[in-house]
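Data first, discussion second: the structure below is written as structure tokens.
The values are calculated or read from the model by the stated rules, or taken from the named source; none is laboratory data. These numbers were taken from a predicted model, which means no experiment stands behind them. Heads up, the Cβs are rebuilt from the backbone with ideal geometry, glycines too, and the neighbour counts pull from every protein chain shown. The protein model used for the area step is the full one, side chains on, heavy atoms only, and it has no ligands, DNA or RNA in it. Shrake-Rupley method; radii C 1.70, N 1.55, O 1.52, S 1.80 Å.
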Amino acid sequence: MSNIEIETEDKLEYQFHPATNGVVNFKVRANNDAHLALTSGPAESDPMLEIFIGGWKNTKSVIRKNRSKPDVCEVDTPDILNAGEFRGFWVKWQDDVITVGMDGAAAAFLSYENTSEPFPINYFGVCTGWGASGSWIIEQNAPAPSAPAALVSSGGAACWVPAANGEVPPNAVVGGADGEDMFIARSQHEGAIIPGKLVASHGCAYVAWGGVENPKQEYEVLCDGNGTFVNTSGGEIPPNAIPAGESEDGEPLFIGRVNHEGTVTVGKVQQSHGVCYIPYGGQELAFADYEIYVSQ
């Protein structure tokens, strides 16, 4: 597997290369503002998607469309870049879903579904600016991505926003209730990315796995979503159900919820098992009839 080594100046001018297999894996060493563009041709154009990592003095990262504001997805990422060491990232695209994550992390920290103006991505460009120059190592011939673990919704962007210790990010999506709002969250556990529930007063999210309810102090929260829940049962997954994670074996997991003992509890749907699992009362409970989160 060969690598491309690139040096970029502080001038916000993209250097373009062919994109293959729907993924770019790269490492970058920069103080701030490592930018990557996705285009159909080897130059800036419309339509175009740009990914800014470590922008705004290395405090946040965004996805921007056609050089326009507001950004279609934005998260706080303090000190994500470092001028003294290479930091690794991946960018994947599949079925008009663009996801961005850190090397070694299965979950994306940025995601966007480009439903309003889809286009074939044949090239990527890299650049630095806003006071930063950069050194890049770009992996060639990377394997094609599996089904995206990041969740997006048609008709607008939805982001998974990292949070911890009961924190609820702005515009978090309410998925249920148990005396208080219960938010849609997900977390990594035993090699899987599992949708579950965030109960802010408990200071953690919970995911169902291995027969028990697993508390997670670090998690991601679905924000800015415009989906809805619909009734289903067994392994009947509606075509517009939105993947929100994956099992340790790589099977897509969906967001489900169940009415149980006076609560509406959010959990995971695993099609091959034909049930929705919820974390409740210290246990992993399975239900054949449930609601599933779909795009509208």
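Gain on full extension, evaluated as 0.36 nm per residue between Asn240 and Glu5 minus their Cα-Cα distance, stands at 80.6 nm.
Size of segment 43-97: Rg and Dmax of its alpha carbons, in Å, are 12.5, 36. The accessible-area ordering, largest first, of the residues His189, His202 stands as His202, His189, per a 1.4 angstrom probe. By a 1.4 Å probe calculation restricted to protein chains, Tyr206 has an accessible surface near 30 Å², given to the nearest 10. Mind giving me the FRET efficiency for Asp181 and Gln296? R0 is 22 Å, r the Cβ-Cβ distance, nearest 0.05 is fine. Given R0 = 22 Å and the Cβ-Cβ separation, E is 0.60. Spin-label pair Lys69-Glu248: with each label point 7 Å from Cα along the Cα-Cβ axis, the two points sit 4.6 nm from one another. Shape class of segment 1-133 from the alpha-carbon gyration tensor: rounded, with the ratio a/c of largest to smallest axis under 1.5.
Placing R0 at 25 angstrom, the Cβ-Cβ distance between Met102 and Gln283 gives a FRET efficiency of 0.15 after rounding to 0.05. Rounded to the nearest 20 debye, the dipole magnitude of the chain is 320 debye, with +1 charges on Lys and Arg beta carbons, -1 on Asp and Glu beta carbons, and the Cα centre as origin. With a cut-off of 13 Å on the backbone N, the residues of segment 70-93 near the modelled label site 7 Å out from Asn171 along Cα-Cβ are 70-76.
Here's the list of lysines a cross-link from Lys268 could span, going by alpha-carbon distance under 19 Å and ignoring same-chain residues fewer than 8 apart: Lys197, Lys216. Which of the three applies to segment 221-296, rounded, prolate or oblate, going by the alpha-carbon gyration tensor with a ≥ b ≥ c and a/c under 1.5 meaning rounded? It comes out rounded by the Cα gyration axes.
Counting only protein heavy atoms and a probe of 1.4 Å, the accessible surface of the chain is 45% carbon and sulfur. The residues of the chain have, on average, 42 Å² of accessible surface per residue, using a 1.4 Å probe with all protein chains present. Rounded to a whole number, what is D in µm²/s for the chain from Stokes-Einstein with the Kirkwood radius over alpha-carbon pairs (4 °C, 1.567 mPa s)? Calculated translational D: 66 µm²/s.
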